[in-house]
Amino acid sequence: MSATNAFETSLLGLIFTNVAAANVGDAGGLLPSATAGVFWVSLHTGAGPGEAGGQDTNEAAYDTYGRVSVARSAAEWTITNEVADNDNEIAFAQSGDGPETEAHFGLGSAETTAGNLFIYGALTASLVVNAGITPSFAAGALDVTLD
């Protein structure tokens, strides 16, 4: 089974920008949240969190690491042709130690603890974090695709 491109784009809009997914269900479609909220972006080492993992599964652990919040809004995400990408830089804290190799990212519900991990993926290239390194995603560099 497969979803159509139009439906995938509509779902990404609902998930990332809190815009109604039109023409699904009643006349209002799948409705957005009353309060949009945020995703907590995480970094992960090794094999990443996997399908059954939580936000803290294989999560980065360098000395100043913390998850970064990104609002579910059109000011933070652009949806184009089944792809959601970040509109602004997503920067983590600068490391004071290392080395640690980050290989995956995640989007979840919690600032700390296990949380619900909603989306994860491999980085295009692993990142070795040493003292003085500030891991980040440049604007447009974090792409989430439904297919």
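Nothing in this text is a laboratory measurement; each read-out follows from the coordinates by a stated rule. What you see is a predicted model; the values in this text were computed from it and never measured. No Cβ is skipped: glycine too gets one built from the backbone with ideal geometry, and neighbour counts run over all protein chains shown.
What angle, in degrees between 0 and 90 and rounded to the nearest 10, separates the Cα long axis of helix 5-17 from the longest principal axis of the Cα atoms of the chain? With both axes taken from Cα atoms, the answer is about 60 degrees.
The modelled label-to-label distance between D87 and F7, using points 7 Å beyond Cα along the C-beta direction, is 2.8 nm. The modelled label-to-label distance between A139 and S109, using points 7 Å beyond Cα along the C-beta direction, is 3.2 nm.
Per residue of the chain, the DSSP helices (runs of n ≥ 4 H) give a summed -39500 (n - 2.57) that works out to -3000 deg cm²/dmol at 222 nm.
Would you mind computing the Rg to Rh ratio of the chain from its alpha-carbon coordinates, Kirkwood style for Rh?
Looking at the chain, the ratio lands at 1.00.
Of the GluC sites (Glu not before Pro) found in region 93-147, those in coil by DSSP whose Cβ has at most 14 other Cβ atoms within 10 Å are E111. Amide H to amide H distances under 5 Å link E59 with T45, where only residues 5 or more positions off or on other chains count and H is placed in the peptide plane.
Computed from backbone phi with θ = phi - 60° and the Karplus coefficients 6.51, -1.76 and 1.60, the 3J(HN,Hα) list for region 54-68 is x, 5, 8, 6, 6, 6, 3, 9, 5, 3, 10, 4, x, 5, 10 Hz; x is used for glycine and proline.
Of the GluC sites (Glu not before Pro) in region 1-90, which ones lie in a loop per DSSP and count no more than 11 other C-beta atoms within 10 Å? Could you put the intermediate results ahead of the total?
On the way: sites: E8, E51, E59, E76, E82, E89; in loops: E51, E76, E82, E89.
Passing both the DSSP loop test and the Cβ count: E51.
Under unit Cβ charges (Lys, Arg +1; Asp, Glu -1), what dipole magnitude, rounded to 20 debye, does region 34-126 have relative to its Cα centre? Intermediate results must be reported in sequence, preceding the final value.
On the way: 2 positive and 13 negative charges, 42 e Å.
Computed about the Cα centre, the dipole is about 200 debye.
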